[in-house]
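Have a look at the structure below before the remarks.
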Amino acid sequence: MKAFVCTKAGQMDYTDRPEPELKPGFTIIRIRRIGICGTDLHAFEGNQPFFEYPRILGHELSGEVVEFDNAPGFKKGDPVTFLPYLNCGTCIACRAGKTNCCTSLRVCGVHIDGGMVDYFAVPSRLLVPAQGLSLTELAMVEPMSIGAHGIRRAGIEPGEFVLVMGAGPIGLGAMEFARIRGAELIVMDSNTHRLNFCKTRLNISHTIQVGNDSILEQLKDITNGEMAATVIDASGNLSAINNGLNYLAHGGKYILIGLQKEKFVFSHPEFHKKEATLMSSRNATREDFNYVIQCMANKKINPLEFITNRVAFSETAAGFPDWLNPSNHIIKVVVEKD
């Protein structure tokens, strides 16, 4: 079968790999849709933590069941997605239901080879049924679940000001789920095109362009001088992460969804005087997947609007440099396989 491998930073190659053999407790999926995410792009750039080369990328996936063992309720040909986070099930985090941050977690396409292949074997216990969604919609469930998990951790109350830093796909998902909870949204990004997308497609009225000297003044004006009750970083940008605490209201919550390789540095007095709450938000759980699917099925969100580029599997290698160029106005890329 064909596989798409990130052999080193800046280089992607197509190779031939043997098709997976069915093992007890596993299901083989014919991959049909692959979402390109920030993790994939960071790996290509050489900026992805927890990463070693060479690696087959891809964890935003959907496909059709080919063979299976111990997968009750599924049959051959079923459209599916799955949780791409392989957890142990026995550690302190797993016992607490936090399978997303298992002590020995292995994420497809990061710690182990991912799904940019023709056929992919996954533990049957991680399968997620389509529940009426299309293959393309199913491939969008995982990235939307990242945002949904962060918003669930934030415990947002109706009417509170929520600042989302980063208007990429993860940030857009976080905005949508914050909106469902009744938040008053503020979006911050350096990309004018993405800010305009937020205004015109998501009807977000408060946007702030990074790069000017009046960010604090704009935030004070929007929030009546109180700043944001919740600040969410979905950018993974070190400067944004380090500045986020300055945008937070007293008694507020700071949620880090984005991931950065370098050290996070902030003023302890500023953090202490606000009695701020700092949280990380890693991956997602089955609860988040199910919630996202329900929201999509009930038309509360439509992440298909985020897709700006659809490409064939054979065109993927050539696309990575272009997708990293902000002037190309890329928001979300989905690879379509016949």
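Can you say whether Arg201 is among the charged types (D, E, K, R) and at pLDDT below 95, as far as the supplied structure shows?
Yes: the conditions hold for Arg201.
Exactly one residue out of Arg152, Arg106 is within 19 Å of the chain's Cα centre (by Cα) and within 22 Å of Tyr254 (Cα to Cα): that is Arg152.
Could you identify the single residue in Val66, Val5 that is farther than 30 Å from Asn237 by Cα and either touching a helix residue (DSSP H, G or I) at 6+ places or on another chain (Cβ under 8 Å) or part of a strand (DSSP E or B) (or both)?
Step by step, each of Val66, Val5 is checked, and only Val66 is farther than 30 Å from Asn237 by Cα and either touching a helix residue (DSSP H, G or I) at 6+ places or on another chain (Cβ under 8 Å) or part of a strand (DSSP E or B) (or both).
Scanning the stretch 118-129 finds no residues that are without any contact (Cβ under 8 Å) to a residue 12 or more places away in the chain and either of a type in the set (A, V, I, L, M) or in a helix (DSSP H, G or I) (or both).
From the list Leu195, Leu238, Leu163, Leu202, which residue is crowded, with 21+ Cβ neighbours inside 10 Å, closer than 25 Å to Ile330 by Cβ and in contact (Cβ under 8 Å) with a residue 12 or more places away in the chain?
Every option except Leu163 fails the conditions.
The values are calculated or read from the model by the stated rules, or taken from the named source; none is laboratory data. Given the structure is predicted, the values throughout are model-derived calculations rather than measurements. Backbone-built Cβ (ideal geometry, glycine too); neighbour counts: all protein chains shown.
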